[in-house]
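Below you'll find the structure, written out as structure tokens, and then a few comments.
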Amino acid sequence: MRGLAIGSFRSIAARLFLTAAAMSLVVLLVASILLTAYYRSEAEEVFERRLDVYLRAIVADVSESGQEGRTGPGQLGDPQFELPGSGWYWQITRLDDKSHEIKASRSLFAGTLPKLSDLGVAAEIGGFRRGYAQGPDGRRLRIVERIIDVGDVGIYLVQVAGSGEEMEEQIARFRFALTVAFAALAIALAIGAAFQVRFGLRPLRQLQRELASIRRGEWERIMGKYPSEVAPLADELNLLISANRDILERARTQVGNLAHALKTPLSVIVNEADSAPGQLAQKVQEQAQIMRDQISFYLDRARAAARGGALGAATPVAPSIEALLRAFSKIYGDKGVIFSGGANPQLRFLGERQDLEEMIGNLLDNAGKWAKSSVTIEVSVDGGEAARPALRFTIDDDGPGLAPHLRAAATQRGRRLDETKPGSGLGLSIVVDLAAAYGGSLRLDDSPAAGLRAELRLPGF
């Protein structure tokens, strides 16, 4: 769960949605608490006013008539005072003459209401007392009472009591309705927040798609129109892409200038050595040739490194593979070696065409030299664990193969395992260096055709 939470907060969309959802939940929760408290306050106030109305009606009747017996349930207009155990009661008690019986509503039946004065409830202005007490049926009752003096007729304690169950039921129904309404509102807010986040982040997704198109070589710069908050980022990325291209172009120019600057003096040295035969001249020619090879090798490697860092360089794989297969079929036709295979037309290599053809060409050439009758090449997409997919080029031959302890030596520059085969010995090492410049790799293994398998991984899509 902790990993999921951390992963979610790495996403801007998840952060925005979770923040909006959390804020909405807090607001709805606080609002529900406040509304429920307000409704309870209003319900209690209405309940109190209802009790007060009943009390004043009985007090007025007793004061005018001077006889508690004339006050009856019908005069209050509420049939609950007639239903035994309804929770609504009234009671009139004469305080100055204990011989008079207590007059009560039919709902009170044979019970009596406790006096709040006996429970220590202080009187309010006007002689009113109000408080909670346990009724004869064990219910918790809200009681209001008042003592009235009717002169010579007597002194009376008038009480009206009501159960809060009805009020609590109303509050519970209100709370349930409020919960349902707020739950529906929360769902609506969550959907709205998700839509808002998706709509608000649409420019970033568009920017991502355009950058992916540039990486694949389909576009050269960001062309879309963006909101004012994202437009500066798109402009800066365009400037960065242009600066990257300028730096690479200058690097290529400098590499070319260096090649010409070094090759000319070497040619002069070789010519001078040719004009003066001897052991020294032979040694000079030998070392000059080594220097030429070294210059060519490292200049090619520098060019590949520069091209490998270029944005927007993408090469279709299938045309290059087809061209190389045709070329090597002609070269090794006399030997009887058949070259076969191909690639999906949709596959692209993230790099320059000449580098791709140099790497594949060296591998096919090496396979053709040792093969007995066939060389095959297959190209597949290998996602692996990397965020960016890779192209896997698999070249198999049916030659004698190569011992495991000799495979590492075969990829070292200048190492030749068999002098009987033509070549400079730089082929596999050039492939290794070019592949490394693009973040790829070369691996040698046993082939199912009993020969050698060369597996080349390069960035692509």
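Heavy atoms of the protein chains alone define the surface here; on that basis the chain has 57 Å² accessible area per residue at 1.4 Å probe size. The listed residues 88, 219 rank as 219, 88 when sorted by accessible area, largest first, using a 1.4 Å probe.
Based on the Kirkwood approach, the hydrodynamic radius assigned to the chain is 32.2 Å, with every pair of different Cα atoms included.
Sorting 398, 96 on solvent-accessible area from highest to lowest, probe radius 1.4 Å, gives 96, 398. Among 199, 349, the order of accessible area from largest down is 199, 349, computed with a 1.4 Å probe on protein heavy atoms. Positive contributions from Lys and Arg (+1) and negative ones from Asp and Glu (-1), summed over other residues with Cβ under 12 Å from the Cβ of residue 273, come out at -2.
In the complete set of protein chains, residue-level accessible area for residue 45 is approximately 90 Å², probe 1.4 angstrom. A full extension of the chain between residue 18 and residue 283 corresponds to an added length of 87.9 nm, given 0.36 nm per residue minus the alpha carbon distance. In a simple Cβ point-charge model (Lys, Arg +1; Asp, Glu -1; nothing else charged), the chain has a dipole of about 1600 debye relative to its Cα centre.
Note that region 96-170, at 20 °C in a medium of 1.002 mPa s, gets a Stokes-Einstein diffusion coefficient of 157 µm²/s from its Kirkwood radius over C-alpha pairs.
Residues whose amide H falls under 5 Å from that of residue 451, counting only those 5 or more places apart or on a different chain, are 397, 399, with hydrogens built in the peptide plane. Taking every full run of DSSP H in the chain, the ones that stretch at least 27 Å from end to end by Cα along their long axis and average -0.5 or higher on the Kyte-Doolittle scale are 12-65, 165-200, 231-275. Below 24 Å, Cα to Cα, which lysines can residue 369 reach? Residues fewer than 8 away in the same chain don't count. Candidates past the 8-residue exclusion: 330, 335, 421. One chain, two ends: residue 153 and residue 346. Fully extended at 0.36 nm per residue, the span grows by 58.4 nm beyond their Cα-Cα distance.
Considering only 195, 276, 63, the residue lying farthest towards the positive end of the dipole of the chain is 276, judged by Cα position with unit charges set on Cβ.
With contacts taken as Cα pairs under 8 Å and at least 6 residues apart, region 135-201 reaches a relative contact order of 22 percent. Measuring with a 1.4 angstrom probe and ignoring ligands and nucleic acids, residue 220 comes out at about 140 Å² accessible. So what is the 222 nm mean residue ellipticity for the chain from helices alone, if each DSSP H run of at least 4 adds -39500 (n - 2.57) and you divide by all residues, rounding to the nearest 500 deg cm²/dmol? Computed mean residue ellipticity for the chain: -18500 deg cm²/dmol. In this label model, residue 190 and residue 204 are separated by 2.2 nm, measuring between points 7 Å along each Cα→Cβ vector.
Residues whose amide H comes within less than 5 Å of that of residue 164, counting only those at least five positions distant or on another chain, are 142 (H built at 1.01 Å from N in the peptide plane).
The values are calculated or read from the model by the stated rules, or taken from the named source; none is laboratory data. Note that the coordinates shown come from a computational prediction; the quantities given were computed from them, not determined experimentally. When we count neighbours, we look across all protein chains shown, and the Cβ atoms used for this are built from the backbone with ideal geometry, even at glycine. Remember, those area values only see protein heavy atoms, side chains included, never the ligands or the DNA or RNA. Shrake-Rupley method; radii C 1.70, N 1.55, O 1.52, S 1.80 Å.
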